[in-house]
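Undergrad: The structure is given below, and queries will be raised subsequently.
Nothing in this text is a laboratory measurement; each read-out follows from the coordinates by a stated rule. All values reported here derive from a predicted model rather than from experimental measurement. Here Cβ is always computed from backbone atoms with ideal geometry, including for glycine, and neighbour counts include all displayed protein chains.
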Amino acid sequence: MVSKSQSAVPVPGKKARVTNYSQQEILVLCDYVRGHRELLFGKAGHCSQKVEQRKQRHWEEAARTIRAAGGADRPWKRLRKKWVDLKVLANKYNNNKKATGNTDTWIPHRDPQTRG
């Protein structure tokens, strides 16, 4: 059996596992996206390369904002993927609430501390 202290040692040639997003990181990401939605997801104009570079700069700024709030050092592409994943979960949640005959509310992610 491998102890926890041994499992934390990086193995050469293996990719290091990224830590899970904390509740605080998710809240900071949501606040940042809410305030900069048009800059992060706006439509591309006639020069889409410049627009994509602008979007990348704003995602990098989101990563810096999360780090400044005490979050992990994550690349901007992972933050963008996390946002897409959160959006999908929110849509699943809303679609399940609208389903007919459904009295239970589906909760996609529960905090392990609140499980009963």
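Undergrad: What length, rounded to one decimal in nm, is gained on full extension from residue 41 through to residue 18, with 0.36 nm per residue of separation minus their alpha-carbon distance? Kindly include the intermediate steps, with their values, before the conclusion.
TA: On the way: separation 23, 0.36 × 23 = 8.28 nm, distance 2.56 nm.
Taking residue 41 through residue 18 to full extension adds about 5.7 nm, to one decimal.
Undergrad: What FRET efficiency, computed as 1/(1 + (r/R0)^6) with R0 = 35 Å and r the Cβ-Cβ distance, is obtained for residue 96 and residue 50, rounded to the nearest 0.05? Numbers along the way, then the final one.
TA: On the way: r = 40 Å, r/R0 = 1.14.
In this case the efficiency is close to 0.30.
Undergrad: Next question. Report the extension gain between residue 34 and residue 78 in nm, rounded to one decimal, defined as 0.36 nm multiplied by the number of residues separating them, less their alpha carbon distance. List each step's numbers first, then the result.
TA: On the way: separation 44, 0.36 × 44 = 15.84 nm, distance 1.78 nm.
My answer for the length gained is 14.1 nm.
Undergrad: Any of 14/43; 14/82; 14/97 with alpha carbons more than 32 Å apart? Name them for me. Show your work: numbers first, answer last.
TA: On the way: 14/43 39 Å; 14/82 23 Å; 14/97 41 Å.
Among 14/43; 14/82; 14/97, the Cα-Cα distance tops 32 Å for 14/43; 14/97.
Undergrad: For the range 22-67, count all C-alpha to C-alpha pairs, find those more than 12 Å apart, and express that count as a whole percent of the total. Provide the component values of the computation, followed by the final result.
TA: Values: 631 of 1035 pairs.
Distances greater than 12 Å cover 61 percent of the Cα pairs.
Undergrad: Under a plain spin-label model, where a point goes 7 Å from the Cα along Cα-to-Cβ, how far apart in nm are residue 61 and residue 85?
TA: That separation, rounded to one decimal, is 2.5 nm.
Undergrad: Shifting gears a bit: Rounded to two decimals, what is the ratio between the C-alpha radius of gyration of the range 37-88 and 2.2 N^0.38 Å? Let's see the in-between values first.
TA: Values: Rg = 11.8 Å, N = 52, 2.2 N^0.38 = 9.9 Å.
Dividing the Cα radius of gyration by 2.2 N^0.38 Å gives 1.20.
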